[in-house]
Amino acid sequence: MINPTTISEQLLFSTVRLEAQTEGNPVSVGTGFFFDFRVDQEKIIPVILTNKHVVENTSMGRFYLHESELSNNIPKPSGKFFSITMDNFSQRWIPHPTLDLCAMLFQPLRVEAEKQKKQIFNRPLEDSLIPTDASLEALNAVEDVLMVGYPTGLWDSKNNLPLIRRGITATHPAIDFCGQSLSVIDIACFPGSSGSPVLLVNEGMYGTKTGTVVGNRVFLLGTLHAGPQMNAQGEIDIRDIPTTSKAFTNTQVMINLGYVIKAKEIKVLGEIIKKNVLGANP
């Protein structure tokens, strides 16, 4: 297994395959990603983020996690992975007050892993990757983006690794699409991509409005949650990105656009989580 050093390599260990099941239905697949909310210089609250529609009404959930090992006292992926299954799954998530976003505290997974005498290796995203309004306004209308997840449930099942897709912004990152806290990306979105983090990633060199910069740049732009579909009659319908493929009475065709909940809404959810956690355990 590689020891991730570059930005894009670390993104391979920032997501988690999330399998969920409702009573009497087949297992569905979605994407979660690890995120650290910073409380102060010493404290963080680690969570897993995904969409509400991935976990709502689910009775069982399963995570596939990388096992960590030490190399010169530094954690790295061992090449092995294991699963943790949880019941009462939908009740474990803290919802965003209005949008299709939710979080589960990471600590219960750590406790379950320790019961199996294992340590989890991951590379969480964090608050510092969420761009300010000024940073967004400095971006261009068209920027390269990466989306990490499990489209149609596909993954590297031997190495427990997600797939990375590349696209571009379809709306300016600084503008709220249709007055909502959304942006649109031009990228192929399929069942299983729900909950995928969408990032602007430049490694080595990138262009700005004023010229070319040598260096790296990474912003978390948001979380994929829905996409427009076209039916056989050419009518456009906006639907959550499903977690399973379904048969509809009319043929639905994805048109390679994705609706992304902006990363600033992760901060909104973070404030709720901090109040819950620090109120119960200062």
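Among the residues of segment 64-109, which ones are crowded, with 19+ Cβ neighbours inside 10 Å, of a type in the set (A, V, I, L, M, F, W, C) and more than 21 Å from GLU265 (Cα to Cα)?
The answer is LEU65, PHE81, ILE84, PHE89, LEU109.
Tell me which residues, restricted to segment 171-196, are more than 19 Å from the chain's Cα centre (by Cα) and either in a loop (DSSP other than H, G, I, E, B) or in contact (Cβ under 8 Å) with a residue 60 or more places away in the chain (or both).
Taking segment 171-196 first, the residues more than 19 Å from the chain's Cα centre (by Cα) are 171-172, 174-180.
THR171, HIS172, ALA174, ILE175, ASP176, PHE177, GLN180, listed by residue number.
Does segment 36-70 hold any residues that are at pLDDT below 95 and of a type in the set (Asp, Glu), and which are they?
Selection gives ASP40, GLU42, GLU56, GLU69.
Please identify the pairs in which a residue from segment 212-223 that is outside the structural domain of SER183 (by TED's automatic domain parsing) and surrounded by fewer than 18 Cβ atoms within 10 Å (Cβ to Cβ) has its Cβ atom under 8 Å from the Cβ atom of a residue that is in a strand (DSSP E or B) and among the hydroxyl-bearing types (Ser, Thr, Tyr), counting only partners at least 6 apart or on another chain.
That search, which allows pairs on different chains as well, returns nothing.
Among the residues of segment 10-35, which ones are among the acidic types (Asp, Glu) and at pLDDT below 90? Walk me through it before giving the result.
Residues of segment 10-35 among the acidic types (Asp, Glu): 19, 23.
Across segment 10-35, the qualifying residue is only GLU23.
Out of (1) among the β-branched types (Val, Ile, Thr); (2) within 20 Å of LEU18 (Cα to Cα); (3) out of contact with any strand residue (DSSP E or B) (no Cβ under 7 Å at 6 or more places or on another chain), what's the single condition that is false for ILE74?
ILE74 satisfies every listed condition except (2).
Considering only residues that are touching a residue at least 60 places away in the same chain (Cβ under 8 Å) and assigned to a strand (DSSP E or B), look in segment 66-94 and name the one that is farthest from THR15 (Cα to Cα).
Let us first name the residues in segment 66-94 that are touching a residue at least 60 places away in the same chain (Cβ under 8 Å), namely 66, 71, 76-79, 81, 89, 94.
Filter once more, keeping what is assigned to a strand (DSSP E or B): 66, 71, 76-79, 81, 94.
Numbers: HIS66: 11, SER71: 23, LYS76: 16, PRO77: 14, SER78: 17, GLY79: 16, PHE81: 14, ILE94: 18 Å.
Among residues in segment 66-94 that are touching a residue at least 60 places away in the same chain (Cβ under 8 Å) and assigned to a strand (DSSP E or B), the one farthest from THR15 (Cα to Cα) is SER71.
Among the numbered criteria (1) surrounded by 16 or more Cβ atoms within 10 Å (Cβ to Cβ); (2) under 27 Å from ASN3 (Cβ atoms), which single criterion is violated by SER194?
Status for SER194: all satisfied but (2).
The values are calculated or read from the model by the stated rules, or taken from the named source; none is laboratory data. None of these values were measured; they are calculated from a predicted model. Neighbour counts run over all protein chains shown; Cβ positions are idealised from the backbone, glycine included.
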